[in-house]
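What follows is a single structure, written as structure tokens, with notes after it.
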Amino acid sequence: MSVLRPFTATDMFKFNNINLDVWTETYAVSFYLTYLSRWPDLCCAQEAPSGRMMGYILGKAEGESTEWHGHITAVTVAPEYRRLSLARSMVSRLELVSNEHYKGLFVDLYVRCNNALAVDMYESFGYSVYRRVREYYGTLGAGNGGKDEEDAFDMRKPLSRDPLRRSVRTNGREVIVSASSVS
């Protein structure tokens, strides 16, 4: 049995088994500390009885007016702990806090368009593609000319304050925007 608990600064010393995954973005220490200081209730870790980190989620609240929402910055599970619904429980917790504490209209996230497993997983959680962001992942140096030009799907799930579902659209895969037009 694992436990879902608040993410702490010392977890940065314990998440190598998770962050070495090819799909997981590793950020600067200051990035993690900013999230922990500003949105501690949107940052959680899943821990095994042994104390080993199984996964974590980092989120924030952002936007204005009809765009006020929770945002999933990172959710990742170590390969040996996948397919145990850990991501689902962490995302559900972030959705709950975004809805009840931050009074968000929706939760959104960005995912690489070519990460079909993640896209399918988020769709099974109730998320849908809101738009495709061209060249969102543009600083990894893996693509043509040293630039990674991978697109991202901006995926959204409406919360209880959006009963008319104005924060989502049915044709999101057809809506294409530039990375410079999103914040």
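The values are calculated or read from the model by the stated rules, or taken from the named source; none is laboratory data. Since the structure is predicted, the reported quantities are computational estimates derived from the model, not experimental observations. Cβ atoms come from the backbone with ideal geometry, glycine included; neighbour counts cover every protein chain shown. Side chains included, ligands, DNA and RNA excluded: accessible areas come from the protein's heavy atoms. Shrake-Rupley method; radii C 1.70, N 1.55, O 1.52, S 1.80 Å.
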Q | Residue check, Glu25 within 17 Å of the chain's Cα centre (by Cα), exposed (fewer than 14 other Cβ atoms within 10 Å of the Cβ) and closer than 24 Å to Arg132 by Cβ | A | yes
- Query: Does the range 1-20 include one or more residues that are loosely packed, with under 12 Cβ neighbours inside 10 Å, hydrophobic (A, V, I, L, M, F, W, C) and either within 26 Å of Phe153 (Cβ to Cβ) or touching a residue at least 60 places away in the same chain (Cβ under 8 Å) (or both)?
  - Reply: yes
Conditions (1) at pLDDT 95 or above; (2) open to solvent by 40 Å² or more (accessible area, probe 1.4 Å); (3) within 21 Å of Ala152 (Cβ to Cβ); (4) among the small types (Gly, Ala, Ser) -> Gly70 fails only (2)
Residue count, the range 51-83, condition under 18 Å from Trp23 (Cα atoms) and either among the β-branched types (Val, Ile, Thr) or outside any strand (DSSP E or B) (or both), comes to 12
Per the list (1) assigned to a loop (DSSP other than H, G, I, E, B); (2) surrounded by 17 or more Cβ atoms within 10 Å (Cβ to Cβ), residue check on Val91 breaks on (1)
Pairs returned, first residue in the range 104-122 that is closer than 19 Å to Glu67 by Cβ, second residue that is open to solvent by 60 Å² or more (accessible area, probe 1.4 Å) and part of a strand (DSSP E or B), beta-carbon separation under 8 angstrom, 6 or more apart or interchain, are Tyr110/Tyr136
Restricting the range 28-42 to residues that are open to solvent by 80 Å² or more (accessible area, probe 1.4 Å) and either under 17 Å from the mean Cα position of the chain (by Cα) or of a type outside the set (Val, Ile, Thr) (or both), the one farthest from Ser98 (Cα to Cα) turns out to be Ser37
Checked the range 11-40 for anything modelled with pLDDT of 95 or more and of a type in the set (S, T, N, Q); matches are Thr34, Ser37
Given the condition touching a helix residue (DSSP H, G or I) at 6+ places or on another chain (Cβ under 6 Å), modelled with pLDDT of 95 or more, surrounded by fewer than 19 Cβ atoms within 10 Å (Cβ to Cβ) and not in a helix (DSSP H, G or I), answer yes or no: does some residue in the range 95-114 qualify? no
Would a scan of the range 139-153 turn up a residue that is under 18 Å from the mean Cα position of the chain (by Cα), within 19 Å of Gly63 (Cα to Cα) and modelled with pLDDT of 95 or more?
yes
Here the residues within the range 119-132 that are crowded, with 19+ Cβ neighbours inside 10 Å and of a type in the set (A, V, I, L, M, F, W, C) are Val129
Legend entry - Thr10 being polar (S, T, N, Q) and under 16 Å from Ala87 (Cβ atoms): no
